[in-house]
Amino acid sequence: MENEKIINWKKEIAQIIEQKKAYNQKCTDKIKELRDKIKKEEELLLEKNDKLIAQTVRDIFGEVTPENIELFKQKIKLLNGVKEESNERQEINNPVYSG
């Protein structure tokens, strides 16, 4: 026969376990909600980015075509390469010392 204290402690443990399950479910739901918001925002950013690229291609080349988009990508890659080379030269000429 169990002591009254032991019975009460077991009941308390069971209650805590149920509270933990409910809390875990709330956390899971909140994480899902936040992930959905992130996904939606990323989609909006991609759409906005695509529109900006299309407008830029239109401004540079006059119209948006697959060929013009490819030319634009090549020009951006070229510019990024020049920027990276410039940054590398600057690092060589002006090394950063951590002392």
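The rows are residues; the columns are (1) touching a Cys at 6+ places or on another chain (Cβ under 7 Å); (2) modelled with pLDDT under 95; (3) open to solvent by less than 100 Å² (accessible area, probe 1.4 Å); (4) in a helix (DSSP H, G or I).
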{"residue": "Gln19", "(1), (2), (3), (4)": "no, no, no, yes"}
{"residue": "Phe72", "(1), (2), (3), (4)": "no, yes, yes, yes"}
{"residue": "Lys83", "(1), (2), (3), (4)": "no, yes, no, yes"}
{"residue": "Gln90", "(1), (2), (3), (4)": "no, yes, no, yes"}
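Of all residue pairs spaced 6 or more apart or on separate chains, those with beta-carbon atoms under 8 Å, a first member in region 42-68 that is open to solvent by 100 Å² or more (accessible area, probe 1.4 Å) and a second member that is part of a loop (DSSP other than H, G, I, E, B) are Arg58/Val64.
The lone criterion from (1) in contact with a helix residue (DSSP H, G or I) (Cβ under 6 Å, 6 or more places away or on another chain); (2) loosely packed, with under 10 Cβ neighbours inside 10 Å left unmet by Glu2 is number (1).
The values are calculated or read from the model by the stated rules, or taken from the named source; none is laboratory data. The structure displayed is predicted, hence computed values, not measured ones. A quick note on method: Cβ atoms are made from the backbone with ideal geometry, for glycine too, and the neighbour counts reach across all protein chains shown. SASA here: full protein model, heavy atoms, side chains in, ligands and nucleic acids out. Shrake-Rupley method; radii C 1.70, N 1.55, O 1.52, S 1.80 Å.
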